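Visitor: One structure coming up, written as C-alpha cells, with questions to follow.
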Amino acid sequence: MKEMIYKQLKERAERYKNKFREWKYTGKIEGIAKVQKPKNLVVGSPEKALHLKRDREIPGTTFAVSVWNDIDEIAKASIYYATKHLKIENVYIAGEVKKEIIAQLKTLVPHGYFYEGGYKKIEDVRGIAISCSDSRVLDNAIFNNDSNDTVVINNAGNLFSKTALLTIRHYLENSKLDFIAVLAHSNCGAVNAACLGNDERELQLMVLPIQLEVKYKARSVDEIKEVHYLKNARGTMKKILENIEDAKKLALFIGYHDLNTGETEYYFYE
C-alpha cells in the first residue's frame with residue numbers, strides 16, 4: 001500500500017512543481033527562496049478546515065497556524081513569529097473555532113482579526129500532513145492538488161504539538177487513514193533560528209525541540225543544509241510514534257520541499 005501512496009504523492013507534487021515553474025518564469029515569486037513576506041496570518045482548526053493556505057494562492061501569501069481545543073504552546077510561538085518577526089497585521093480566523101481560542105487570540109494579536117469562511121470542509125480523509133506555517137510552502141496544493149483527502153496541520157517548524165496529537169487521534173478514530181507525512185523545506189525560519197541559537201523567550205518552546213533533534217550550531221544560514229531540515233522532520237515523526245501507538249500501522253513519509261525549484265521529494269520513514 002505504501003508504494004501506491006508514495007506514487008500518488010509524487011504525482012501530486014509533480015503537478016505542483018509545474019505550477020511553481022510557471023510562477024517563477026513569469027516573475028510572480030521572485031526571490032521567494034530567500035525571504036517570505038506574507039500578507040496574512042490564518043488561524044484555524046484541522047477539525048473544521050481541510051487546509052488553511054487558500055486554493056489559487058501563490059506561494060508567499062499566507063502564514064498558517066493550526067489549533068484544536070486551544071492555542072497550544074507551539075501555535076503561540078508560531079503566532080508570535082508571524083506578528084513580531086514577519087510583521088503581519090492581517091489576521092484571519094478560518095471558519096468555526098472554539099470560543100476559548102478567540103479569547104486566547106485576543107491576548108496574542110492586539111490589533112484585531114477577521115472571520116473568514118469558504119475553507120474546504122472535511123470529507124473523506126486519507127492522510128494527515130504536518131507542514132510548516134511558512135507562507136512559501138503551499139502545502140494545500142502539494143498534498144491535495146484537487147483530491148481534497150489530506151488534512152494539513154501547520155505550525156512553525158512542522159513540529160509535533162498538542163494540536164498534532166489531537167488531530168491525528170481524532171482522524172484515526174473517525175476516518176480511514178492511510179498515511180501520515182511530515183514536510184520539511186529549505187530555508188525554514190524555525191530550524192534556522194534553532195541552529196543559530198535564537199534565545200527569545202517567546203520562541204523557546206519552538207526552538208528547543210529542534211535543537212535537541214538537529215544538534216547543529218551554525219554561524220550563518222548558509223551553513224544550514226537539507227540534512228538539518230530533514231533531521232527535524234524525522235524528529236517530529238519519532239514523537240508521533242512515541243505518543244500514538246496506532247500511527248505505526250500507517251504508511252509514514254518524510255517530505256522535503258525545495259523553495260528554489262518547487263520540487264518535493266518523499267522518503268519512507270522506517
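Visitor: Report, ordered by the first and then the second residue, all pairs with beta carbons closer than 8 Å, sequence separation of six or more or different chains, a first member in the stretch 164-181 that is in contact (Cβ under 8 Å) with a residue 24 or more places away in the chain, and a second member that is assigned to a helix (DSSP H, G or I) and among the aromatic types (Phe, Trp, Tyr).
Guide: Pairs found: 177/171; 181/143.
Visitor: Looking at (1) of a type in the set (A, V, I, L, M, F, W, C); (2) within 19 Å of the chain's Cα centre (by Cα); (3) not in a helix (DSSP H, G or I), can you tell me which one residue 208 breaks?
Guide: (3)
Visitor: Here are 266, 229, 216, 256: which of them is of a type in the set (Phe, Trp, Tyr) and free of Cβ contacts under 8 Å to residues at least 24 places away in the same chain?
Guide: 216
Visitor: For the subset of the stretch 236-270 comprising residues that are among the aliphatic types (A, V, I, L, M) and in a loop (DSSP other than H, G, I, E, B), which member is farthest from residue 169 (Cα to Cα)?
Guide: Across the stretch 236-270, the extreme among qualifying residues is 259.
Visitor: Another question, then. Counting only residues that are under 21 Å from residue 246 (Cβ atoms) and touching a Pro at 6+ places or on another chain (Cβ under 8 Å), give me the strands (runs of 3 or more DSSP E) lying completely in the stretch 89-189 with at least 3 of them.
Guide: 150-155
Visitor: Same structure again: Note down all Cβ pairs under 9 Å where the first residue falls in the stretch 2-19 and is aliphatic (A, V, I, L, M), the second is in a helix (DSSP H, G or I), and they're at least six residues apart or on different chains.
Guide: The qualifying pairs are 9/142; 9/143; 13/142; 13/143.
Visitor: I've got another one for you. Is there a residue in the stretch 72-82 that is assigned to a loop (DSSP other than H, G, I, E, B) and in contact (Cβ under 8 Å) with a residue 60 or more places away in the chain?
Guide: Scanning the stretch 72-82 turns up at least one residue that is assigned to a loop (DSSP other than H, G, I, E, B) and in contact (Cβ under 8 Å) with a residue 60 or more places away in the chain.
Each value in this text was obtained by applying a stated rule to the coordinates, not by laboratory testing. Not measured: the values here are computed from a predicted model. When we count neighbours, we look across all protein chains shown, and the Cβ atoms used for this are built from the backbone with ideal geometry, even at glycine.
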